[in-house]
Every structure is written in C-alpha cells, then in structure tokens.
1. Going by how many other Cβ atoms sit within 10 Å of their own, how do 174, 10 line up, fewest first?
2. I want to check the label-to-label distance for residue 4 and residue 181. Put each point 7 Å from Cα in the C-beta direction and report it in nm to one decimal.
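Bear in mind that the values in this text are calculations on the coordinates, not laboratory data. Keep in mind it's a predicted model, so treat the numbers as computed, not measured. Positions of Cβ are generated from backbone atoms using ideal geometry, with glycine treated the same way; all protein chains shown enter the neighbour counts.
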Amino acid sequence: MGQEILYCYKCQTRLLGSEFEKGKAFKVGAQASCKNCVKDLLGSVPDAAYETDRGRKLQSTARIPVQATESGSGKWKPATVRAAAPAPPPPPKGKPVALIAGLIGLVAVLLLLGIALNSNSSSRRNDPPPPSNSAPPQPPVGGTAPAPPPSGFAAELREIDEKMRAGLAAEDFKSVSALLAEA
C-alpha cells in the first residue's frame, strides 16, 4: 500500500502520510497544512470547529494494529475517525411578516378599487344634459363682409382673402394660385 499524499491548503506543498506521523504536517478539519502554514489555518478555524476537532483527536490517539500482509509487516497504524460532515443548519424560520403584510395590502387595494368602481357607476346617469336656453349663433350668410381691421397689414390680408374667395367661387384656380404666389 502507498502512503496518503495531501497538499497544504495554502502553499500547496506535498505532504506525505509519514510527515503527519512525525508531526511535520497537520490536519485540521478537512484541510491539511504544513508546519509553516498551520498557524494561519488554526487562526481561520472557528472556535466551535476547533473544539470538535480537538475532541476527535483526543479520542483517536490509540493505535490499532494492522493485520499482517503477505510481506509479513505488522506495523501499527494510528486510528482515524471519519465523521460525516455535519448537516448545514436549517434556514432560520422567520415570521412571514412580509407575506402577511403583502396580502393585507393587496386586499386593501382590491377593496378600494371595488368601492371606487361601484361608486362611479352609481353616480353616472344616462340622462342627457338639460338643453341650454341660448341658441347657437348663426353663421353670417354672404353679402355683408366684416369691417376691415384698422391695421394696414390686416387690411392687406383681408383684401387677399376676398380676392381668393371670389376666384374660388368662379373656379378660377390659376388666378388664385398666382395671387398666393404673389403674396
């Protein structure tokens, strides 16, 4: 059988099983470390994990004999305890306050929406509005032209407008387009 080969978690130095037995390499939890990096590893391990690992080491200091193989070797092998990784703690069960608040808010919005729709439909009436007493003004029937405005520019516009109306009434479109091009 060959020796177990691991690598330091930090500097990636190769660590043989014999180095662990001689105290030149260390295993903390699931990580292996060389003697130079073990201080950093121990500093990064939480206290609870350190105590658990320490308890395991105290229990597993006894050596158990390995059965003799064909080569006749009856060396002692240190006992190893392999414990299953602890299950992660279940997520904390918080009170579903957000869910309850959301549901209450949704119910309130739906209730207000229903009230608003119901009140709008009852206030609407299909009755036509009452007729107004004043009749709409009648448009002037040709014959009388409005009074010319006092300004000179407005008077020119009024004159061009009258010429266009006369040309359109006579269906003389060429003269109307010439008049517009001239203006």
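1. Working: 174 8, 10 15.
Ordered from fewest to most neighbouring Cβ atoms within 10 Å, 174, 10 come out as 174, 10.
2. Once both label points are built, they end up 10.6 nm from each other.
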